[in-house]
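Let me begin by presenting the structure, written as structure tokens, before commenting on it.
The numbers here are math on the coordinates, done by the rules we state, and not lab data. Not measured: the values here are computed from a predicted model. All Cβ positions, glycine included, derive from the backbone under ideal geometry; neighbour counts span all protein chains shown.
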Amino acid sequence: IQSEKVRALGDLSAGIMHEIGNPLNFTMTALEVASADAEDDPDLQECFTDMGEGLTRIKDILADLRTFAYPTTAESSRPVAIAGLVSSALRLTGSEVKDISVEVKTPAEHTARGSRSQLLHVIMNLIVNAARAIHDRADLDSEQGCIRIISSDQDNHVTISVMDNGVGIPDAIKDRIFDPFFTTRDVQQGMGLGLSLCRTIIDHHKGGITVDSESGRGTIMTLSLPTAFSEDRS
């Protein structure tokens, strides 16, 4: 039943991409032309900029849907330094974690094999989820919000754990958090594709993703990925 459900959602996503993608492309092209013709009007330029940002957001959503509907193997299989990956993810999620204590322990020698861009997407998603869980915890007044990111390397696999002291995941929905389009947030705050996409990416890297959470106390999300070959670590 679950397999049929996922396949149906994939077909739906493919249809959405086709119906929205074509008009989106020519709308963005038309916007570029109009923007070039309005270079001397700052107010109009500001409007065009806002429109461009909105259209780009739609394009990003379609890209997420494409990843879900057409999962592929990792786009490349290269050594990826975990420390650099986490550093980049934290820079890109700076606004989400600005009021949160972040502790990182990712030794320089820990290196996975795969697509840096796809793995960066996963790490960013886990950090954003951790930050939101902390912000959702109303009783944190006496305890500072904290995210800890730790990696370890053993048995030809590198593990990356993202831990938070946020609101945690209720037992009733733990089995559903990786389901496509499942979300506990308002529609305006997300489509419920985040963790589903993360699992798709990690699966195609021949890795795994697990969750350990206690409602009201926090969550640990752990990735396991094949390490890069020793000769590629130079």
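Model label points for A34 and S101, set 7 angstrom from Cα along the Cα-to-Cβ axis, are 5.0 nm apart. Near the amide H of R113, within less than 5 Å, lie the amide hydrogens of V80, A228, all on another chain or at least 5 residues away, with H placed in the peptide plane.
Near the amide H of G145, within less than 5 Å, lie the amide hydrogens of S101, all on another chain or at least 5 residues away, with H placed in the peptide plane.
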